Amino acid sequence: MNTLPLFFNLKNKTVLIVGGGDVAYRKATLLAKAGASIVAIAKNFDDEFLAFLEQQSFVAVQKSFDGSDVGSHQPDLIVSATDNHTVNLAVHAAAKQHGVAINVVDTPDLCDFIFPAIVDRSPIVIGVSSNGKAPVLARLIRAKIESSLPSSLGLLAKKAGDFRQTVKDALPSITERRYFWESIFNRALKDEKIAELPDELQNFCQNNQKSGEVYIVGAGAGDPDLLTFKALRLMQQADVVLYDALVSDEILDLCRRDSQKIFVGKKRKDHTKTQDEINELLVHYAKMGLRVLRLKGGDPFVFGRGGEEMLACQQAGVAYQVVSGITAALAAGSYAGIPLTHRGVATSVRFLTGCYQTNEAFDGLKSAYQTDETLVFYMGLHALPKIVASLTASGLPSDLPIAIISNASLPTQTVLTGVLADIVAKKESAAINAPAIIIVGHVVSLYQANAQ
Ligand code: SAH
């Protein structure tokens, strides 16, 4: 971070602006909006700028800048907005001499502070800065934020500020207050109608059930862009997050910042918490009235034990929601460029596991393989020799294509292809890490290295 975004209270502070043209005028209107009192110095002022300064009863001094101007006006901030570099340098030197922070317009090297692109829904103010590296991008981001925020937001924030104490008195617990404000602001952000705040509060107090809720959410295969909007929304609401080893730090960072995060990850052999313990934790926190996010890799109901967690909630009478995620098989297929079904090649897909709950490896298909189907193995990397041996023993041809996609959808994704006869040897000589998906079937011949 090259600069720290601070929000400066300019009410009754003096800002010295050197320059009398368009740029100086724009800075002056912005500073005036924030309540600054302005002293402008320029040899020549544009008429409009001069009229503005007079109308606002600001000081306009028609002269060339010299170093003593800083001492005589004692500004809190200085903006130099002339098109003369020598003058800008002189203003900068005078500012330094008096220890006053300065912005020399469009000259990042001579700036102590910068003007961000601003979204103004006062009292909500958003500043976007690229630290002078890509101002156009900062403006585009500003426009994007601008268009996504309802215009009524500022007024609501102001009313909320005035109503805070009343809410505090009516709802003594912090958690309850947070629920109340979140329910209001979440609806406002979706542009839904908000009643007058006293009515909203009364409604909330009447309907407020103290019981919490469990969100069983799939976080997708790894790329944070694969999260669903719903997953993201619940991630930002949850009070407690129980997350798996497959959930990356990048995704975890998108959860509410002050939520309590508990690692309950399971890796093959190394289970930090048993499934029963996880189920108990989910129910325990929900019964405390908290919103509990169970964040899982891929989809919660595909080899994710989400079903067991759902049943635990049902048995305990705890409310829950299940949110689907992009399961690893789908991400592996699309990110590697291997369609799981393809006209004339594969008409069905089977999702299998290479490792059973009992920790035994895959020991054969439960029903005969069809030549127009695709087999996708989860948790199969370790058991690859066993998988290949049982498939071959069931009569699958030794030249049937097979692919191993590791870290699908992540920057570290790798793809290894071969046929049943040579994949074990190929895997031995290539360094392939878990997690990995194994795809077996003719669709694998559609794979093209470097295609994506
Ligand atoms: N519920 C998850 C699966 C959990 S089981 C889902 O729907 O994706 C764990 C297995 O998922 C791993 O052994 C691996 O086979 C697979 N897996 C998860 N993420 C993966 C990824 N990014 N790339 C490849 N395989 C992955």
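Could you give me the ³J(HN,Hα) list for region 306-319, computed from phi with Karplus coefficients 6.51, -1.76, 1.60 and θ = phi - 60°, whole Hz, x at Gly and Pro?
Calculated HN-Hα couplings, in order: x, x, 5, 5, 4, 5, 4, 5, 4, 5, 8, x, 9, 5 Hz.
Divide by every residue of the chain the summed helix terms, -39500 (n - 2.57) for each DSSP H run of at least 4, and state the resulting mean residue ellipticity at 222 nm, rounded to the nearest 500 deg cm²/dmol.
-10500 deg cm²/dmol, from helical runs alone.
Just going by the charge dipole of the chain, with Lys and Arg at +1 and Asp and Glu at -1 on Cβ, which of 170, 126, 333 is farthest out on the positive end?
170
Using the charge dipole of the chain (Lys, Arg: +1 at Cβ; Asp, Glu: -1 at Cβ; taken about the Cα centre), state which of 204, 61, 117 has its Cα farthest towards the positive end.
My answer, from the dipole projection, is 204.
Residue-wise, which Karplus ³J(HN,Hα) couplings in Hz belong to region 62-75, taking 6.51 cos²θ - 1.76 cosθ + 1.60, θ = phi - 60°, and x for glycine or proline?
Karplus-based 3J(HN,Hα) across region 62-75 equals 8, 6, 6, 5, 9, x, 5, 4, 5, x, 6, 9, 6, x Hz.
Could you work out what % of the accessible surface of the chain is carbon and sulfur, using a 1.4 angstrom probe and leaving DNA, RNA and ligands out of the count?
So the carbon and sulfur contribution to the accessible surface is 53 percent.
Kindly flag which residue pairs out of 366/386; 11/159; 13/133; 33/133 have an alpha-carbon separation exceeding 19 Å in this structure.
On the way: 366/386 15 Å; 11/159 21 Å; 13/133 29 Å; 33/133 26 Å.
Over 19 Å Cα-Cα: 11/159; 13/133; 33/133.
Loop only per DSSP, at most 11 neighbouring Cβ atoms within 10 Å: give me the trypsin sites (Lys or Arg not before Pro) in region 1-80, ordered by residue number.
Sites meeting the loop and neighbour criteria: 11, 63.
At a probe size of 1.4 Å, how large is the accessible area of residue 379, to the nearest 10 Å²?
Roll a 1.4 Å probe over it and residue 379 shows about 100 Å².
Over all distinct alpha-carbon pairs, what is the Kirkwood Rh of region 201-332 in angstrom?
Values: mean 1/r = 0.0675 Å⁻¹.
About 14.8 Å, per the Kirkwood formula over Cα pairs.
With a 1.4 Å probe and all protein chains left in place, how much accessible area per residue does region 205-256 have, in Å²? Intermediate values should be presented prior to the final figure.
Values: 2390 Å² over 52 residues.
Per residue, region 205-256 has 46 Å² of solvent-accessible surface.
List the chymotrypsin sites (Phe, Trp or Tyr not before Pro) within region 5-92 that DSSP assigns to loop and that have no more than 14 neighbouring Cβ atoms inside 10 Å.
Passing sites in region 5-92 are 7, 8.
Give a quick list of chymotrypsin sites (Phe, Trp or Tyr not before Pro) in region 341-442 that DSSP marks as loop, anything other than H, G, I, E or B, with at most 13 other Cβ atoms within 10 Å.
Sites meeting the loop and neighbour criteria: 356.
Would you grab the residues whose amide H sits under 5 Å from the one on residue 419? Only those 5+ places off in sequence or on another chain, please, with H modelled 1.01 Å from N.
Result for residue 419 returns 402.
As an exercise, take the mean of 1/r over every pair of distinct alpha carbons in region 20-76, invert it, and state the Kirkwood radius in angstroms.
11.6 Å
Cross-link candidates for residue 287: which lysines have Cα within less than 18 Å, leaving aside residues fewer than 8 places away along the same chain?
210, 261
Determine the percent antiparallel among the DSSP beta bridges restricted to region 76-166, to the nearest 5.
Restricted to region 76-166, the bridges split so that about 55 percent are antiparallel.
Mind listing the long-range amide H neighbours of residue 61? Cut-off is under 5 Å, sequence gap 5 or more, other chains count too, H placed in the peptide plane at 1.01 Å from N.
Amide H to amide H, under 5 Å and 5 or more residues apart or across chains, residue 61 pairs with 40, 41, 42.
Modelling each spin label as a point 7 Å along the Cα-to-Cβ direction, I'd like the residue 47/residue 280 distance in nm, to one decimal.
Going from the residue 47 label point to the residue 280 one covers 8.3 nm.
Quick check: from the Cα gyration tensor, does region 95-165 come out rounded (a/c under 1.5), prolate or oblate?
Oblate.
What whole number of Å gives the distance from the Cα centroid of region 154-175 to the Cα centroid of region 69-145?
Using only Cα atoms to place each centre, the spacing works out to 35 Å.
Tell me, in nm to one decimal, what length is gained between residue 76 and residue 1 on full extension, where the rule is 0.36 nm per residue of separation less the Cα-Cα distance?
Extending this stretch completely gives an extra 24.6 nm.
Enter the accessible area of residue 341 (Å², nearest 10), with the probe set to 1.4 Å and all protein chains included.
80 Å²
Where nothing but the Cβ of Lys and Arg (+1) and of Asp and Glu (-1) is charged, how large is the charge dipole of the chain around its Cα centre, in debye to the nearest 20?
That gives the chain a dipole magnitude of about 560 debye.
Which residues make up the longest stretch of the chain clear of GluC sites (Glu not before Pro) that lie in a DSSP loop with no more than 11 other Cβ atoms within 10 Å, not counting the sites?
Details: sites that count: 192, 196, 360.
Answer from the scan: 1-191.
Under the Karplus relation 6.51 cos²θ - 1.76 cosθ + 1.60, θ = phi - 60°, what is the ordered set of whole-Hz ³J(HN,Hα) values for region 181-196, x standing for Gly and Pro?
5, 5, 5, 5, 6, 4, 5, 4, 5, 8, 6, 7, 6, 10, 6, 4
Across the chain, what fraction of all alpha-carbon pairs, as a whole percent, falls in each successive 20 Å bin from zero upward?
Over the chain, the share of Cα pairs per 20 Å bin runs 19, 35, 29, 15, 2 percent.
The values are calculated or read from the model by the stated rules, or taken from the named source; none is laboratory data. Only a predicted model underlies this, so the values are computations on that prediction, with no experimental measurement involved. In this analysis, Cβ positions are derived from the backbone assuming ideal geometry, glycine residues included, and neighbour counts consider all displayed protein chains. These accessible areas exclude ligands, DNA and RNA; they are computed on the full protein's heavy atoms, side chains included. Shrake-Rupley method; radii C 1.70, N 1.55, O 1.52, S 1.80 Å.
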